[in-house]
Amino acid sequence: LVLEAGRILGMTTGIFKADIMWTTKGLKILETTARLSGGFDSQLTSPLAHGVDYITGAILLALGEAPHWEYFIPKWHRGAAVVTKFIPEGTVTNIDTTQAEKEGAIVLKTIKVGERQGQLKNCADRHIFVATIARTGIDAWNKAVELAQKVVIECSWILKQGCPVSWTLFYWCS
């Protein structure tokens, strides 16, 4: 279905991504685009789960080279998952990922101690990501959820009365 959509749209070479959905009437294409998947799919979960390197393959295609299939063909099959650990509003006073990393998590942080987290408004406000690999996707998801709970985030803020407040957050969300 996706290959046929690419042909109909005139794609002859390059990256072509499609979001599809299974319906009672069969597969339906929701969206197509000439780019890699966003989020951590191309950067993290697909490389962990399958040993692929879509980014390098896409760069080489963009440079006009013939497809280097070794970057696109899976080398193994396992599960990978990423969950987000949300940070409450306030100034980050501590981020401790030690326990989660000891148990196999890959923790990506886009915020540092001393930086301020504002009100959560959109996906760009997510700053702590916990990734795992396991035998299956479900196992990887469950492991990521479990290990995200072991990431300790402490924040403080000043109440209107001027009283500093700190807490440790043991909360995860996907």
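The values are calculated or read from the model by the stated rules, or taken from the named source; none is laboratory data. The shown structure was predicted, so the numbers you read here are calculated from the model rather than taken from an experiment. Neighbour counts run over all protein chains shown; Cβ positions are idealised from the backbone, glycine included. Heads up: the accessible areas ignore ligands, DNA and RNA and are worked out on the full protein's heavy atoms, side chains in. Shrake-Rupley method; radii C 1.70, N 1.55, O 1.52, S 1.80 Å.
Expressed as a fraction of 2.2 N^0.38 Å, the value expected for a compact globular protein of N residues, the C-alpha radius of gyration of the chain is 1.29. Excluding ligands, DNA and RNA, the accessible surface per residue across the chain is 61 Å² with a 1.4 Å probe.
Exposed loop positions in the chain were taken to be GluC sites (Glu not before Pro) whose DSSP state is not H, G, I, E or B and which have at most 16 other beta-carbon atoms within 10 angstrom. Between these positions, the longest stretch is 1-64.
Among residues other than K143 with Cβ under 12 Å from its Cβ, the summed charge is 0 (Lys and Arg +1, Asp and Glu -1).
Relative contact order for the range 1-139: what percent, with Cα pairs under 8 Å and sequence separation of 6 or more?
Working: 203 pairs, mean separation 27.7, N = 139.
In percent, rounded to a whole number, it is 20.
Entry note, the chain: the mean residue ellipticity at 222 nm calculated from DSSP H runs of n ≥ 4, each adding -39500 (n - 2.57), is -5500 deg cm²/dmol after division by the residues and rounding to the nearest 500. With a Förster radius of 41 Å applied to the beta-carbon distance between L60 and V113, the computed FRET efficiency rounds to 0.60.
Loop only by DSSP, 12 or fewer other Cβ within 10 Å of the Cβ. Give me the chymotrypsin sites (Phe, Trp or Tyr not before Pro) in the range 53-116 that pass, ordered by residue number.
In loop regions of the range 53-116 (DSSP not H, G, I, E or B), the sparsely surrounded chymotrypsin sites (Phe, Trp or Tyr not before Pro) are W76.
If you line up the long axis of helix 137-148 against the longest principal axis of the chain, both from Cα atoms, how many degrees apart are they, to the nearest 10? That helix lies at roughly 20 degrees to the long axis. Residue separation of A5 and T91 scaled by 0.36 nm, minus their Cα-Cα distance, works out to 26.2 nm of gained length.
Summarise the accessible area of the chain (1.4 Å probe, protein heavy atoms) by the percent that is carbon and sulfur. Of all accessible area on the chain, carbon and sulfur atoms account for 58 percent. Counting charges near M21 (Lys, Arg +1; Asp, Glu -1) among other residues having Cβ under 12 Å from its Cβ returns a value of 0. Note on surface exposure: R35, R135 rank R135, R35 by accessible area, highest first, 1.4 Å probe. Rolling a 1.4 Å probe over the protein chains gives K112 an accessible area of about 140 Å².
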